[in-house]
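Report on the following structure.
The values are calculated or read from the model by the stated rules, or taken from the named source; none is laboratory data. Since the model is a prediction, treat every value here as computed from it, not as a measurement. No Cβ is skipped: glycine too gets one built from the backbone with ideal geometry, and neighbour counts run over all protein chains shown. Just so you know, the surface numbers come from the protein's heavy atoms only, side chains and all, with ligands and any DNA or RNA stripped out. Shrake-Rupley method; radii C 1.70, N 1.55, O 1.52, S 1.80 Å.
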Amino acid sequence: MLNILESDGVRTLHFGSLAVQGAMRIDKPVEIELEYVEQMMMWLLFRKETAHIVQLGLGAAALTKFCYHRLAPAEVTAVEIDADVIDACRNHFALPPDDERLSILNMDALDYVTGSSRCQSIDILQVDLYDAPARGPLLSTDDFYAACANCLTADGMMTVNLYCDWPEHMHHVRLMEQSFEAVAWLPEVHDGNMVAIAFKQSPSVDFDDLFARAAEIQAMLGLPAQSWVDGLHRWMSSTTDEF
């Protein structure tokens with residue numbers, strides 16, 4: 001059962017529980033409302049242009065809409081197993097109809113990433129897969145992340161929302177590390193959301209360059225990218241893993 005609520009100018013999507021599955025500020029339908037959803041865009045720090053962006057789990061379509069409207073000419077695909085969620089996004093969350101750049105697929109995310117036609121065809125994967133109880137990420141297994149990596153181009157990246165209790169976040173990070181050369185993450189926000197970024201190829205990291213790129217992102221897209229660099233710097237300072 002889907003519930004759509006409104007409070008203080010913000011419309012939220014719920015899967016029959018109090019857990020927020022997505023949000024939209026009604027007078028700014030294209031902008032991203034939630035901080036962790038903004039963090040899912042941190043791959044922009046490492047890549048200025050991309051051809052194909054895929055979102056696994058539509059939610060309230062915040063990422064899908066933002067990428068479609070603000071990152072042209074990139075092709076944008078969203079994969080959502082629940083047709084009612086797609087209908088809700090079309091009717092209540094300003095999701096535009098499909099066209100030559102936008103495709104909304106009503107299918108299982110695992111079937112999508114394991115399809116042979118997707119091999120090395122995606123530049124960016126954004127993974128946010130949860131059911132109504134939202135007790136932890138769905139499909140978070142070695143096989144799933146291996147399939148995600150196989151879908152990505154040689155320099156592809158994946159961002160994942162890890163909504164769970166600490167230290168369970170690190171269990172999911174370790175699973176990603178089996179299939180990706182490098183995995184980093186930002187500090188936890190929203191009482192449990194931690195966003196990780198996985199690189200198919202380890203990036204060369206220069207924080208002066210990242211801060212300069214963050215300023216460009218802030219100016220062009222209005223995203224708080226400097227906070228992402230601050231978070232990555234904190235991550236790098238607190239881990240002994242090679243990045």
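Evaluated against (1) under 20 Å from the mean Cα position of the chain (by Cα); (2) acidic (D, E); (3) at pLDDT below 95; (4) over 19 Å from Q126 (Cβ atoms), E188 falls short on exactly one condition, (4).
Among the residues of region 160-182, which ones are touching a strand residue (DSSP E or B) at 6+ places or on another chain (Cβ under 9 Å) and part of a loop (DSSP other than H, G, I, E, B)? Correct list: C164, W166, S179, F180, E181.
Look at region 199-215 and say how many of its residues are part of a helix (DSSP H, G or I) and free of Cβ contacts under 8 Å to residues at least 60 places away in the same chain. Even if it seems obvious, please write down each step before you answer.
From region 199-215, those part of a helix (DSSP H, G or I) are 207-215; that's our starting set.
Cutting the leftovers down to free of Cβ contacts under 8 Å to residues at least 60 places away in the same chain gives us 207-209, 211-212, 215.
Count: 6.
The sole residue among R118, R11, R70, R25 that is more than 13 Å from the chain's Cα centre (by Cα), among the basic types (K, R) and over 30 Å from S227 (Cα atoms) is R118.
Scanning region 5-25 for residues that are surrounded by 14 or more Cβ atoms within 10 Å (Cβ to Cβ) and either in a loop (DSSP other than H, G, I, E, B) or at pLDDT 95 or above (or both) gives V10, R11, T12, L13, F15, A19, A23, M24, R25. Scanning region 87-101 for residues that are closer than 19 Å to P73 by Cα and surrounded by fewer than 19 Cβ atoms within 10 Å (Cβ to Cβ) returns P96, P97, D98, D99, E100, R101. Scanning region 183-196 finds one or more residues that are part of a loop (DSSP other than H, G, I, E, B), open to solvent by less than 20 Å² (accessible area, probe 1.4 Å) and small (G, A, S).
A Cβ distance below 6 Å, combined with a sequence gap of six or more or placement on separate chains, defines the contacts here; from region 61-81, residues that are under 13 Å from T50 (Cβ atoms) reach residues that are in a helix (DSSP H, G or I) and open to solvent by 10 Å² or more (accessible area, probe 1.4 Å) in the pairs R70/L221; V76/Y68.
Scanning region 171-197 for residues that are in contact with a Cys (Cβ under 8 Å, 6 or more places away or on another chain) and of a type in the set (S, T, N, Q) yields one hit, S179.
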